[in-house]
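These notes are about the structure you will find just below.
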Amino acid sequence: MSAKTEFDLRVISYPEDGLWLAHCLELDIVVEGETAKQALADLIDLCLLHIRTAIDENDLVSIIRPAPGEYWKMFFSARKRKRIRPSPNGVLAEIEGRKVELV
C-alpha cells in the first residue's frame, strides 16, 4: 500500500497589463488568463501536472520551490477570497486563493 500525498497550496490573483495572473506560491508557477477565474482554473491544471509528473518520476524534491518573498507578502496582505477543494481523492487537498487589489 502506498502513502497518499496531498498538498495544500496558496494562490494570489491580480490584474496586470489587461490580463489576470494567478500565482501558486509554493510551486512558484504563474498563469495568465482573461479573467481571474480562468487564470485560477488553468493554474490548478498546471500545478496538478507539475506535481503528478514529479511523483511519476520519483522526484519529489523538485515539487516545492517557493515564490519570492514579495509575493508571500502580497498574499498575507490581501483579503481572503476562498478555499477551493479542486478534486476529492486528488493530490491537491485544498487551495487558498486571495485576490490582490493593486493600487
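Figures for the structure shown
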read-out: Selection count where residues are crowded, with 17+ Cβ neighbours inside 10 Å and touching a Phe, Trp or Tyr at 6+ places or on another chain (Cβ under 9 Å), scope the stretch 32-49; value: 5
read-out: Residue check, W20 assigned to a strand (DSSP E or B) and modelled with pLDDT of 90 or more; value: yes
read-out: Where a residue in the stretch 28-39 is within 23 Å of P68 (Cα to Cα) and its partner, wherever it lies, is assigned to a loop (DSSP other than H, G, I, E, B) and not polar (S, T, N, Q), with Cβ under 8 Å and at least six apart; value: D28/R65; D28/P66; D28/A67; D28/P68
read-out: Subset of the stretch 36-49 that is of a type outside the set (A, V, I, L, M, F, W, C) and out of contact with any strand residue (DSSP E or B) (no Cβ under 6 Å at 6 or more places or on another chain) - its residue that is nearest to K99 (Cα to Cα); value: K37
read-out: Search result, residues across the stretch 2-14 that are exposed (fewer than 15 other Cβ atoms within 10 Å of the Cβ) and of a type outside the set (S, T, Y); value: A3, K4, E6, D8
read-out: Hey, E16 farther than 19 Å from E94 by Cα and of a type in the set (D, E, K, R) or not; value: yes
read-out: Some residue of the stretch 57-69 being outside any loop (DSSP other than H, G, I, E, B), among the basic types (K, R) and exposed (fewer than 13 other Cβ atoms within 10 Å of the Cβ); value: no
read-out: Per-region count, the stretch 70-103, residues among the aliphatic types (A, V, I, L, M), modelled with pLDDT under 75 and part of a strand (DSSP E or B); value: 3
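The values are calculated or read from the model by the stated rules, or taken from the named source; none is laboratory data. Not measured: the values here are computed from a predicted model. Neighbour counts are summed over all protein chains in view; Cβ atoms, including those assigned to glycine, are modelled from backbone coordinates with ideal geometry.
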